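One structure below.
The values are calculated or read from the model by the stated rules, or taken from the named source; none is laboratory data. From a predicted model like this one, the values you see are computed outputs, not experimental measurements. Ideal geometry is used to build each Cβ from the backbone, glycine not excepted, and the neighbour counts take in all protein chains shown. Side chains included, ligands, DNA and RNA excluded: accessible areas come from the protein's heavy atoms. Shrake-Rupley method; radii C 1.70, N 1.55, O 1.52, S 1.80 Å.
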Amino acid sequence: MKYTLLTICILVAGCDTVRSTTDRVFGRDKLAAEPEVAAEADVTESVPVPATAAGWVGAKTTIASLGDPTTPGRWMETPLVETEFTGRVVVPRTGAQAYITLVPARGPESGGSRLSLDAMRALLLPYDELVELEVYSN
């Protein structure tokens, strides 16, 4: 009976060690994942904006959804622009922001936009929802 109790105590004490080891092996290290999420909330990458980009002053608002997930890069197809250039996109609900390439799309200026998978990750947005965004050209 003593050996059974001793064995159970050792197994219970080792459970936390086994769990933390398997989490690291399978990429589920909770301690490392939490600081990354907090660091991603303040996404302000310094991407140079071309001085010759034809833009506007202030923000324009658009509703965006997920674009083609097979196209790599950080981009947004939007009818707000006529030429491709780098702009800043802000999520008013959370304050998250990122510099992305604005790609012209057909349709009226009031039409919706499409974000790349990488841009949605940078802005910490859910992939299956429509999101209101503020777009800045400078």
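Things to note:
- Selection within region 97-138: residues that are without any contact (Cβ under 8 Å) to a residue 60 or more places away in the chain and touching a helix residue (DSSP H, G or I) at 6+ places or on another chain (Cβ under 7 Å). The member of this set that is nearest to Met76 (Cα to Cα) is Ile100.
- Residue list for region 86-107, filter: more than 14 Å from Asp68 (Cβ to Cβ) and touching a Pro at 6+ places or on another chain (Cβ under 6 Å): Gly107
- Residue within region 81-90 that is touching a Lys or Arg at 6+ places or on another chain (Cβ under 9 Å), modelled with pLDDT under 95 and of a type outside the set (Gly, Ala, Ser) present: no
- Number of positions in region 72-101 that are β-branched (Val, Ile, Thr), open to solvent by less than 60 Å² (accessible area, probe 1.4 Å) and over 12 Å from the mean Cα position of the chain (by Cα): 4
- In this structure, Arg106 does not satisfy being surrounded by 18 or more Cβ atoms within 10 Å (Cβ to Cβ) and among the charged types (D, E, K, R).
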